[in-house]
Each structure stands twice: as C-alpha cells, then as structure tokens.
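What follows is a short report on a single structure.
The values are calculated or read from the model by the stated rules, or taken from the named source; none is laboratory data. This is a predicted model, so every value here is computed, not measured. Here the Cβ positions follow ideal geometry from the backbone for every residue, glycine too, while neighbour counts run over all protein chains shown.
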Amino acid sequence: MKIGFIGLGIMGKPMARNLLKDGHSLVVYDVVPAMVDAMAGAGMERGESCADVARRSQLVITMLPDGPEVEQAILGPGGVLEGVQADCTVVDMSSISPMVSQKVGRACAAKGVAFLDAPVSGGEPKAIDGTLAIMVGGEKDVFEKMVPILRLMGSTVTLTGGVGAGNVTKLANQIMVACNIAAMGEALELARSCGVDSEVVFNAVKAGLAGSTVLNAKAPMVIARNFKPGFRIRLHKKDLRNALLTAESKGVVLPLTSVVQQMLTALVNHGKGDLDHSAIVTYIEDMSSIWSAAT
Ligand code: NAD
C-alpha cells in the first residue's frame, strides 16, 4: 500500500519505519524539513506538503502534537483534504481532544473520506518495537480494513467506539499515567527524607500491589536522574488540559487531574517542558526542599 505519513517526531519516525519494514512504500512529510531529510530515501519518498502526501497515498497517517496541528495538517490550506482521493482513509494517531477528532471526522466524511482516530500508548520504546497499545475510534468496517496496518505498529489494536472514542480512551490513559508518576514522586521523596534509598524502595515494592508498568518504566529513570524524553512534559500538560476541557463539557470533576496539571504547568514555566514526564517528581522534590529550608 502507498502510505502517507505526516509528523516525523519521536513517535512518528519509528512508526513509519515499521510500516516500511513490512514492504509498504511511504511518502513522508513534516513541517520541519530536517525531519524529512532524516527519513527520505530507502523506500521513503519526500512529500512537499500535507496535500501532496495525500495526493500520492491510499492511506494517510498523521502523528502530530495536538489538535491545532491536526486541524492545520488535515483541514488547513495545503492540508490533506486539499489533495485527498475519494477512496483514501485518514488515520490520525496523535493524542488530541476527542471533540477535535469528531470535527476532523465530520470534515473527512463530507469529502467521502473514511476517518479513524487512533492514539497510542507505550512511548518511544514501544513505537520502535512496534508494540504500542492502539485505541481506535470510528466505523467498524473502516477499523477492520485498517487493523492489518495498525498491527505493524501495535501489539494491541482496540476499537473503543465511534470517532473520538479513541481519544477519550487515551485521555483516560493519560490521567492514570500522570497521577501514577506524581504518586511515585511523593512516595520516593518521603522515603528519601526518612533516609531510605529510592532504588531499595523500588525493588521492594515492584512485585507488590504498587507495582505497575509506569513504575517499572519511570522509577529507573528517576533513580538514574535521566530525564531525556521519552514523553515530553509539555505534551502531557496538553493531554491533561484536553482531559479537563472534556470533563468540563460533560460536567465531570477530575480533582487529581487538576492538581497534576498544575504541577505540569509549573514545570513548563520553569523551563522543564522538554524533559521526560518522569521529571514530574522534581516538582515534589523541589517543593520539599523549599519547605525544609523554610522550617
Ligand atoms: P514530537 O513533538 O516529537 O513530534 C511531532 C512532529 O510533528 C514534529 O516533528 C513536528 O515538526 C511535526 N509537526 C508539527 N506540526 C506539523 C504540521 N502542521 N504539519 C506537519 N508536521 C508537523 O511529538 P511525539 O512525541 O512524536 O508525539 C506525537 C503525538 O503522539 C502527540 O500527540 C503525543 O501526545 C503522542 N504520544 C507521544 C508519546 C511519546 O512517548 N512521545 C507516547 C504516546 C503518544
């Protein structure tokens, strides 16, 4: 299949490579030319714009930061819908507001183009291994047609409902991950302040009820003080903002999410937006040192 891939960042790059490995031919585009330079060649053609990618593809996949970029790339001038053929399918794998997914889905439907929202969980390591968890929203027949392609990037591919449901599921995922990391930060800081080493705590609890995929992935980074992203703090802030806006539209309260979103905002304001989200723990560490200095 001729696949167009738009957005060649931390996630998009390895995901596109996994499609290529299966023998598909790709046409790729990113708003940053250096990203395209790094990928073009060896089976990947250079796209000149989102519209150009769409013109040359049977399937267009987007992997972009947030809703505004997805709207620009698909609906905007020079966007996918300007070049797309009627039998094309568009799959947006970015983590965005479900309300934006639905808006984009409606615009695609008006052009006779099938659309799925299919955000992912698992981060860069699983993007490289092709073992992401992919949560999909859309029509069942479109989903079934796309499953073989999505399976090249993910080990689980789940239809969660109509268009937008994939991103609702992803927001639920992001709430759980962020609150888990914040709780881990509080736990390790308490232990440290009592003279108990973080690595000892991690090894002691990981097989018990507090053990989790988040703990196994993020505690070693905290212990090694390695905050290279991974998943950037500014992207997680964006996800929790989208969760809070969605919650507000439904009249739902998310008190823990609000607190962690404020921590993420403070970290971005302190220049830590491009660190891995495991650096949420540094908010708690820094606040603790301020409190202990004041007493
Ligand atoms: P990234 O910032 O590394 O990559 C995004 C890419 O999109 C960049 O290369 C950027 O230049 C490009 N871009 C932005 N606007 C564009 C436009 N209008 N047209 C074309 N290209 C454009 O981000 P990422 O970490 O790869 O994340 C992508 C999405 O996946 C986000 O929604 C993120 O929340 C989600 N996600 C990320 C991870 C992770 O661990 N990094 C995990 C799961 C989900």
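Does Thr169 meet the test of being within 14 Å of the ligand (Cβ to nearest atom), among the hydroxyl-bearing types (Ser, Thr, Tyr), surrounded by fewer than 18 Cβ atoms within 10 Å (Cβ to Cβ) and under 30 Å from Leu256 (Cα atoms)? It is false that Thr169 is within 14 Å of the ligand (Cβ to nearest atom), among the hydroxyl-bearing types (Ser, Thr, Tyr), surrounded by fewer than 18 Cβ atoms within 10 Å (Cβ to Cβ) and under 30 Å from Leu256 (Cα atoms). The helices (runs of 4 or more DSSP H) found entirely in region 192-295 that carry 1 or more residues being surrounded by 20 or more Cβ atoms within 10 Å (Cβ to Cβ) and in contact with a Gly (Cβ under 8 Å, 6 or more places away or on another chain) are 213-224, 233-250, 255-269, 280-294.
Can you find a residue that is on the phi < 0 side of the Ramachandran plot and within 16 Å of the ligand (Cβ to nearest atom) anywhere in region 108-115? Checked region 108-115: no residue is on the phi < 0 side of the Ramachandran plot and within 16 Å of the ligand (Cβ to nearest atom). Only one of the listed residues (Asn173, Asn180) is modelled with pLDDT of 95 or more, under 19 Å from Leu254 (Cβ atoms) and in contact with a helix residue (DSSP H, G or I) (Cβ under 7 Å, 6 or more places away or on another chain). That residue is Asn180. Of all the numbered requirements in (1) at pLDDT 95 or above; (2) acidic (Asp, Glu); (3) away from the ligand (no atom under 13 Å from the Cβ), Asp87 misses one, and that requirement is (1).
Filtered by the rule that a residue be of a type in the set (A, V, I, L, M), more than 9 Å from the ligand (Cβ to nearest atom) and closer than 13 Å to Ala16 by Cβ, region 54-75 gives Leu59, Val60, Ile61. Residues in region 34-46 that are of a type in the set (A, V, I, L, M, F, W, C) and over 22 Å from the mean Cα position of the chain (by Cα) were compared, and the one that is surrounded by the most Cβ atoms within 10 Å (Cβ to Cβ) is Met44. Residues that are buried (at least 24 other Cβ atoms within 10 Å of the Cβ) and farther than 18 Å from Gly9 by Cα within region 47-71 comprise Ala54, Ser57, listed in sequence order. When region 35-58 is filtered for residues that are more than 21 Å from Val70 (Cβ to Cβ) and modelled with pLDDT under 95, the ones remaining, listed by number, are Asp37, Ala38, Ala40, Gly41, Ala42, Gly43, Met44. Within region 151-163, not a single residue is among the basic types (Lys, Arg) and within 16 Å of the ligand (Cβ to nearest atom).
For Val27, indicate whether it is under 30 Å from Thr246 (Cα atoms), among the β-branched types (Val, Ile, Thr), more than 10 Å from the ligand (Cβ to nearest atom) and touching a strand residue (DSSP E or B) at 6+ places or on another chain (Cβ under 9 Å). No, not satisfied. Of the listed requirements (1) among the charged types (D, E, K, R); (2) in contact with a Cys (Cβ under 9 Å, 6 or more places away or on another chain); (3) within 23 Å of Arg234 (Cβ to Cβ), Glu82 misses just one: (3). I'm checking my understanding of the structure. Among residues of region 1-33 that are outside any helix (DSSP H, G or I) and under 17 Å from the mean Cα position of the chain (by Cα), which one is surrounded by the most Cβ atoms within 10 Å (Cβ to Cβ)? Only one residue fits best here, namely Ile6. Only a single criterion out of (1) closer than 15 Å to Asp117 by Cα; (2) outside any helix (DSSP H, G or I) is not satisfied by Gly166, namely (2).
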